[in-house]
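Only one structure is covered here, and it is reproduced in the block below.
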Amino acid sequence: MSQWAKVNQCEEGGNWHVRGSVYSGGLGITNYNWVRFGGTQFAQNASDATPIQQVTVARRIQASDGVGNYVPD
């Protein structure tokens, strides 16, 4: 989780609860992908999900792209 916290720091300045018209949450997940990759099982918007839930969705997105468990830096 500490590596994902670094991504959060870079993407959203440490705020896991950003809500935007296109990107939301601490990892800047598009609202479209939040829905597409099952984020709504946790919360309607990434901004309302816990950091662990946001990372779960990010990993699903990566898996669909064939990236695996890579954490961007």
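Values in this text are rule-based calculations from the coordinates and carry no lab data. All figures in this text were calculated on a predicted structure; none of them were measured in a lab. In this analysis, Cβ positions are derived from the backbone assuming ideal geometry, glycine residues included, and neighbour counts consider all displayed protein chains.
Taking (1) exposed (fewer than 12 other Cβ atoms within 10 Å of the Cβ); (2) free of Cβ contacts under 8 Å to residues at least 24 places away in the same chain in turn, Gln62 satisfies each apart from (1).
Select from segment 41-71 the residues that are in a loop (DSSP other than H, G, I, E, B) and in contact with a helix residue (DSSP H, G or I) (Cβ under 6 Å, 6 or more places away or on another chain) and write down the one among them that is farthest from Gly14 (Cα to Cα). By that ranking, first place goes to Phe42. The set of residues in segment 1-49 being at negative phi, crowded, with 16+ Cβ neighbours inside 10 Å and small (Gly, Ala, Ser) consists of Ser24, Gly26, Gly39, Ala43, Ala46, Ser47, Ala49.
Report yes if Ser47 is small (Gly, Ala, Ser) and without any contact (Cβ under 8 Å) to a residue 12 or more places away in the chain, otherwise no. The answer is no for Ser47. So which residues in segment 14-40 are closer than 20 Å to Met1 by Cβ, assigned to a helix (DSSP H, G or I) and out of contact with any helix residue (DSSP H, G or I) (no Cβ under 6 Å at 6 or more places or on another chain), if there are any at all? Selection gives nothing.
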